[in-house]
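The values are calculated or read from the model by the stated rules, or taken from the named source; none is laboratory data. Just so we're clear, the structure is a prediction, and the values are computed from it rather than from any experiment. Heads up, the Cβs are rebuilt from the backbone with ideal geometry, glycines too, and the neighbour counts pull from every protein chain shown.
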Amino acid sequence: MLQEEVYVTQPKGFVKEGNETKVYKLKKALYGLKQAPRMWYSKIDGYLKKKGYMRSENEPTLYVKKEGKNDFIIICLYVDDIIYTSSSIFLVHEFKSQMMNEFEMSDMGLLHYFLGLEVYQIEDRIFISQRKYTSDLLNKFGMSNCKPAATPMNLNEKLQQQDGGEKADAKSFRSLVGGLIYLTHTRPDIAFSVGVISRFMQQLSKLHYGAAKKVMRYIAGTLEYGIWY
Amino acid sequence: MSDPLYYEEAAEKEEWQKAMVEEMKSIEKNGTWKMVDLPKGKKAIGLKWVFKTKFDANGSLQKHKARLVAKGYAQQHGIDFEETFSPVACFETVRLVLALAAQLQWPVY
């Protein structure tokens with residue numbers, strides 16, 4: 001329940017006739033409210049603890065419950081996204097029905113997609129990739145049809161802070177580098193080159209931008225890459 | 001087709017009208033709010049409609065989603081809210097859970 005008194009206006013298109021001057025007093029949080037994430041977390045945290053799930057001391061979004069001698073369920077929260085895995089089909093069913101009844105959650109099938117991460121589970125292996133994210137990123141910078149590069153970086157390339165090169169668009173560079181950093185979650189092969197180019201946020205030149213584009217051309221040719229576990 | 005940015009744009013389309021009605025129903029069903037007169041000295045925070053067409057990884061259409069959001073940036077610390085905190089798992093944790101699941105041959109949901 002909301003602790004502070006918060007009032008909101010009536011939404012466009014749904015103003016109640018005869019009550020045009022009234023407002024709504026919130027009893028529960030709404031998206032966008034500053035306290036919404038905290039309220040959601042305290043609600044689900046309280047519920048999980050009550051049901052015997054133990055929160056990790058070091059990672060407050062991770063919960064574990066042990067059943068009998070050898071059975072465990074591990075739960076990982078990401079705001080309103082939840083992934084969970086277990087040795088026991090019983091624990092899975094129990095958790096699933098708890099979540100569906102208590103929080104009206106839907107779509108609790110096998111994990112395929114999580115935070116832009118595509119997940120494939122095949123027998124005893126798991127593959128994660130960001131193929132869709134990568135193609136969206138290439139699209140955003142108009143590089144969908146660029147010529148793929150074999151490597152993410154030129155051999156012996158020496159990028160410098162002040163190379164005297166022509167100035168480049170810093171805003172678009174930051175956005176590009178940010179996009180590439182997010183991609184390193186499933187692409188350790190570009191982590192080094194992205195680390196190098198991310199040091200040139202200030203005073204960047206066309207040369208730095210060129211190095212970033214080189215990484216983009218490399219991922220354009222390796223869209224399907226990801227991590228196998 | 002890009003998603004509408006404003007209510008006025010969306011109001012002309014049947015699919016978005018339906019999505020907004022859906023969202024209102026869900027808000028009322030949850031007992032999110034109560035209609036009252038604004039007490040003197042209080043300010044009401046504005047609401048905004050946000051429209052998003054959802055696609056799956058293959059790019060096929062999943063649904064039209066209209067979401068009502070509060071303009072939280074207008075809230076004042078100490079008046080409209082006290083504490084904030086958001087629990088976000090770091091990606092390493094997510095990868096660790098996936099690696100462990102693969103190792104133990106557990107399915108992930």
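Brief remarks follow.
- Check on A:Gly179, assigned by TED's automatic domain parsing to the domain that holds A:Tyr218 and free of Cβ contacts under 8 Å to residues at least 24 places away in the same chain: no
- Of the residues making up segment A:16-45, just one is within 20 Å of the chain's Cα centre (by Cα), more than 7 Å from chain B (Cβ to nearest Cβ) and without any contact (Cβ under 8 Å) to a residue 12 or more places away in the chain, namely A:Ala36.
- Any hit, segment B:68-86, residues being more than 8 Å from every other protein chain (Cβ to nearest Cβ), assigned to a helix (DSSP H, G or I) and at pLDDT below 90: yes
- Those residues of segment B:27-51 which are outside any strand (DSSP E or B) and at the interface with another protein chain (Cβ under 9 Å from one of its Cβ atoms), in sequence order: B:Ile27, B:Asn30, B:Gly31, B:Thr32, B:Asp37, B:Leu38, B:Pro39, B:Lys42, B:Lys43, B:Gly46
- Looking across segment A:128-145, just one residue is part of a strand (DSSP E or B) and within 9 Å of chain B (Cβ to nearest Cβ), and that is A:Ile128.
- Residue in segment B:33-45 that is nearest to A:Gln35 (Cα to Cα), counting only those that are modelled with pLDDT of 90 or more and surrounded by fewer than 15 Cβ atoms within 10 Å (Cβ to Cβ): B:Lys34
- Of all residues in segment A:170-199, exactly one satisfies the criterion of being aromatic (Phe, Trp, Tyr) and closer than 14 Å to A:Lys213 by Cα, namely A:Phe173.
- Residue in segment A:151-158 that is among the aliphatic types (A, V, I, L, M), touching a Gly at 6+ places or on another chain (Cβ under 6 Å) and in contact (Cβ under 8 Å) with a residue 60 or more places away in the chain present: no
- The set of residues in segment A:167-183 that are within 14 Å of A:Lys132 (Cα to Cα) and either within 11 Å of chain B (Cβ to nearest Cβ) or among the small types (Gly, Ala, Ser) (or both) comprises A:Gly179, A:Tyr182.
- Any chance A:Tyr24 is within 30 Å of A:Glu5 (Cβ to Cβ) and of a type outside the set (Val, Ile, Thr): yes
- For A:Tyr209, the test of being closer than 30 Å to A:Ile82 by Cβ and among the hydroxyl-bearing types (Ser, Thr, Tyr) is failed.
- Leading residue by the ranking (farthest from the other protein chains (Cβ to nearest Cβ)) among those in segment B:10-26 that are surrounded by 14 or more Cβ atoms within 10 Å (Cβ to Cβ) and over 15 Å from the mean Cα position of the chain (by Cα): B:Lys13
- Inside segment A:181-221, residues that are more than 16 Å from A:Leu138 (Cβ to Cβ), in a helix (DSSP H, G or I) and either touching a strand residue (DSSP E or B) at 6+ places or on another chain (Cβ under 8 Å) or of a type in the set (A, V, I, L, M, F, W, C) (or both) make up a count of 9.
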